[in-house]
Amino acid sequence: MTRTPWMLGMIGMAMLAGGCAHDSKKELIRSTNISLIDAVRMAEASVSDGKAVEAELEKEDGRAMYEVELVDAKKEIRKVHVDAGSGKVFKIH
């Protein structure tokens, strides 16, 4: 799948943005074993014709999780949660 540079830049910016303090975000990033790009690929693979439009690293239930927002084949918004440590896809809604 082809990605435009601006999209990857926006995804990276979304990952660094958020409600955490700077040091907390750094700590959260250090706790990951998979990259943001890999999490986006996993999320896209889990949704029929899914195209990522936003991704963010966040802490959920004490774990680092990527939340990836996608548009599916029906042009509906879907959210996929990917464990940043294991790469396991947890939630699709």
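Where residues in the stretch 70-92 are in a strand (DSSP E or B) and farther than 19 Å from Thr32 by Cα, which of them is least open to solvent (accessible area, probe 1.4 Å)?
Going residue by residue through the stretch 70-92, those that are in a strand (DSSP E or B) are 70-71, 77-83, 89-92.
Now restrict to residues that are farther than 19 Å from Thr32 by Cα: 70-71, 77-79, 92.
Details: Leu70: 0, Val71: 36, Ile77: 97, Arg78: 72, Lys79: 67, Ile92: 76 Å².
The qualifying residue least open to solvent (accessible area, probe 1.4 Å) is Leu70.
State yes or no: is Glu67 at pLDDT 95 or above and touching a His at 6+ places or on another chain (Cβ under 8 Å)? So Glu67 fits the description; yes. Pairs are defined by a Cβ separation below 7 Å, a sequence spacing of at least 6 or placement on different chains, a first member in the stretch 49-74 that is within 17 Å of Arg30 (Cβ to Cβ), and a second member that is assigned to a loop (DSSP other than H, G, I, E, B) and not polar (S, T, N, Q); the pairs so defined are Glu56/Gly18; Leu57/Ala84; Glu58/Gly18; Arg63/Gly85; Ala64/Ala84; Ala64/Gly85; Met65/Ala84; Tyr66/Ala84.
When you scan the stretch 36-69, how many residues do you find that are among the aliphatic types (A, V, I, L, M), crowded, with 17+ Cβ neighbours inside 10 Å and not in a strand (DSSP E or B)? Explain how you work it out, then say what you get.
Quick first cut of the stretch 36-69, residues among the aliphatic types (A, V, I, L, M) only: 36-37, 39-40, 42-43, 45, 47, 52-53, 55, 57, 64-65, 68.
Narrowing further to those that are crowded, with 17+ Cβ neighbours inside 10 Å: 36, 39-40, 42-43, 47, 52, 55, 57, 64-65, 68.
If we keep only those that are not in a strand (DSSP E or B) too, we end up with 36, 39-40, 42-43, 47.
Final tally of qualifying residues: 6.
Take the residues in the stretch 47-56 that are at pLDDT below 95 and not charged (D, E, K, R), then tell me which one is farthest from Asn33 (Cα to Cα). So, considering only residues that are at pLDDT below 95 and not charged (D, E, K, R), the one farthest from Asn33 (Cα to Cα) is Ser48.
The values are calculated or read from the model by the stated rules, or taken from the named source; none is laboratory data. Keep in mind the model is a prediction, meaning the values are calculated, not measured. Methodologically, a virtual Cβ is constructed for each residue, glycine included, from the backbone with ideal geometry; neighbour enumeration extends over all protein chains shown. These area figures cover heavy atoms from the full protein model, side chains too; ligands, DNA and RNA do not enter into them. Shrake-Rupley method; radii C 1.70, N 1.55, O 1.52, S 1.80 Å.
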